[in-house]
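*Asks:* Could you have a look at this structure, given as structure tokens, before my questions?
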Amino acid sequence: MHEEPFRWVEAIANRREYIEDQLAPGSPIVALGFRDGILLFTLSRERQKIFEIYDRIALGGIGHPGDLERLRLTAIELASTEGFARSADDVALRRLANYSLSPALKAAFEQIYGPPFLARLLFAELGRGAAPNLFLRLDYDGSIRTNGGSFARTFEDFGVIAGKQNAITQMESFLRAQKHSGLSLADTLHLAARTWSVGHLALSAEPDAALPDAARAEEHLREQLAHASVEAAVLEKDAPLAATYRALADDEVRAILL
């Protein structure tokens, strides 16, 4: 009987290692606050990775497509139910993540005889009025990381995810040195694309590798643009309708980046 807790801890460690290995190739996703709202950006080769969830909430995800779809539909259902039962203004990303999605992911991860979610999620919520934007990273084990602004953490108007932790770290380090909150959409697209390139290069680099220089990141971006689709969307502050999400066409983005 004394071996049972050890076996559970060992099983959890093995499960974490397996999931991290499965997520490792995942293409980075970048979300940036800018002058007119929030931009979400990635490059993909096979399937959609950026989605609308509710009026002011969007989602980017990497992982198994079946698990991403289950989590996307769950998030949409939860937000829609909250909006219908109370009001659209009551739908809040923090409540959605903290009280519903995070517990479900944690339970699935720790039940070692059932399948975990192979997913890493990035949510973006457009702030109302003068309220700041919220960026929230939700992992397969239910852990949550937000963009600060409380508990003595500096507020950061961005969020990123990638298949490996070193790629996330490098993208965050790169963005902390940039000023983007007042940029136009075109300039924000350029910054998001460079950030994506930094993260994508880190997927195949050593964990402690230095940030690539601007020329290397730009060269890598152009190489990847030749073989992948651009996926981007914005949450617009001045949208004419309650729904603020607008997908950007591949051609529209390429005309700006190239």
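The values are calculated or read from the model by the stated rules, or taken from the named source; none is laboratory data. Since the structure is predicted, the reported quantities are computational estimates derived from the model, not experimental observations. Note that we place each Cβ from the backbone using ideal geometry, even for glycine, and neighbour counts take in every protein chain shown.
*Asks:* From the list F123, F109, pick out the single residue that is aromatic (F, W, Y), in contact with a helix residue (DSSP H, G or I) (Cβ under 6 Å, 6 or more places away or on another chain) and under 27 Å from P28 (Cβ atoms). It would help to see each step written out before you state the result.
*Replies:* Numbers: F109 fails: in contact with a helix residue (DSSP H, G or I) (Cβ under 6 Å, 6 or more places away or on another chain).
Just a single option satisfies the conditions, and that option is F123.
*Asks:* Could you check segment 162-192 and list, in sequence order, the residues that are of a type in the set (A, V, I, L, M, F, W, C), touching a residue at least 24 places away in the same chain (Cβ under 8 Å) and out of contact with any Asp or Glu (no Cβ under 9 Å at 6 or more places or on another chain)? Talk me through it step by step, then tell me what you get.
*Replies:* Here is the first cut: in segment 162-192, the residues of a type in the set (A, V, I, L, M, F, W, C) are 162, 167-168, 171, 174-175, 177, 183, 185-186, 189, 191-192.
Applying the additional criterion that residues be touching a residue at least 24 places away in the same chain (Cβ under 8 Å) yields 162, 167-168, 171, 174-175, 183, 185-186, 189, 191-192.
Across segment 162-192, the qualifying residues are A162, A167, I168, M171, F174, L183, A186, L189, L191, A192.
*Asks:* Looking at segment 130-147, which of the residues that are closer than 16 Å to I161 by Cα and not in a strand (DSSP E or B) is nearest to the chain's Cα centre (by Cα)?
*Replies:* Pass one, segment 130-147, residues closer than 16 Å to I161 by Cα: 134-147.
Subsequent filtering for residues that are not in a strand (DSSP E or B) retains 139-143, 147.
On the way: D139: 10, Y140: 13, D141: 15, G142: 14, S143: 14, N147: 12 Å.
The selected residue is D139.
*Asks:* Ok, one more. Regarding segment 119-129, can at least one residue be identified that is at negative phi, over 15 Å from the mean Cα position of the chain (by Cα) and modelled with pLDDT under 95? Walk me through how you get there before you give the answer.
*Replies:* Of the residues in segment 119-129, the ones at negative phi are 119-128.
If we keep only those that are over 15 Å from the mean Cα position of the chain (by Cα) as well, we get 127-128.
Now restrict to residues that are modelled with pLDDT under 95: 127-128.
Taking every residue of segment 119-129 in turn, at least one turns out to be at negative phi, over 15 Å from the mean Cα position of the chain (by Cα) and modelled with pLDDT under 95.
*Asks:* Another question about this same structure. Is there a residue being under 22 Å from A162 (Cα atoms) and either surrounded by fewer than 17 Cβ atoms within 10 Å (Cβ to Cβ) or in contact with a Lys or Arg (Cβ under 7 Å, 6 or more places away or on another chain) (or both) anywhere in segment 1-12?
*Replies:* From segment 1-12, those under 22 Å from A162 (Cα atoms) are 12; that's our starting set.
Restricting the remaining residues to those that are either surrounded by fewer than 17 Cβ atoms within 10 Å (Cβ to Cβ) or in contact with a Lys or Arg (Cβ under 7 Å, 6 or more places away or on another chain) (or both) gives 12.
Yes: one or more hits.
*Asks:* Looking at I112 and the list (1) among the hydrophobic types (A, V, I, L, M, F, W, C); (2) outside any loop (DSSP other than H, G, I, E, B); (3) modelled with pLDDT under 95, which single condition is not satisfied?
*Replies:* The number of the failed condition is (2).
*Asks:* So which residues in segment 153-178 are in a loop (DSSP other than H, G, I, E, B) and under 17 Å from D213 (Cβ atoms)?
*Replies:* Start the filter on segment 153-178 by keeping residues that are in a loop (DSSP other than H, G, I, E, B), which leaves 153-157, 162-164, 177-178.
Residues satisfying the conditions are A177, Q178.
*Asks:* Here's another thing I want to ask about it. Return the residues of segment 64-91 that are buried (at least 17 other Cβ atoms within 10 Å of the Cβ) and either within 20 Å of T146 (Cβ to Cβ) or of a type in the set (K, R) (or both); say none if nothing qualifies.
*Replies:* Across segment 64-91, the qualifying residues are L71, R72, A75, L78, A79, E82, V91.
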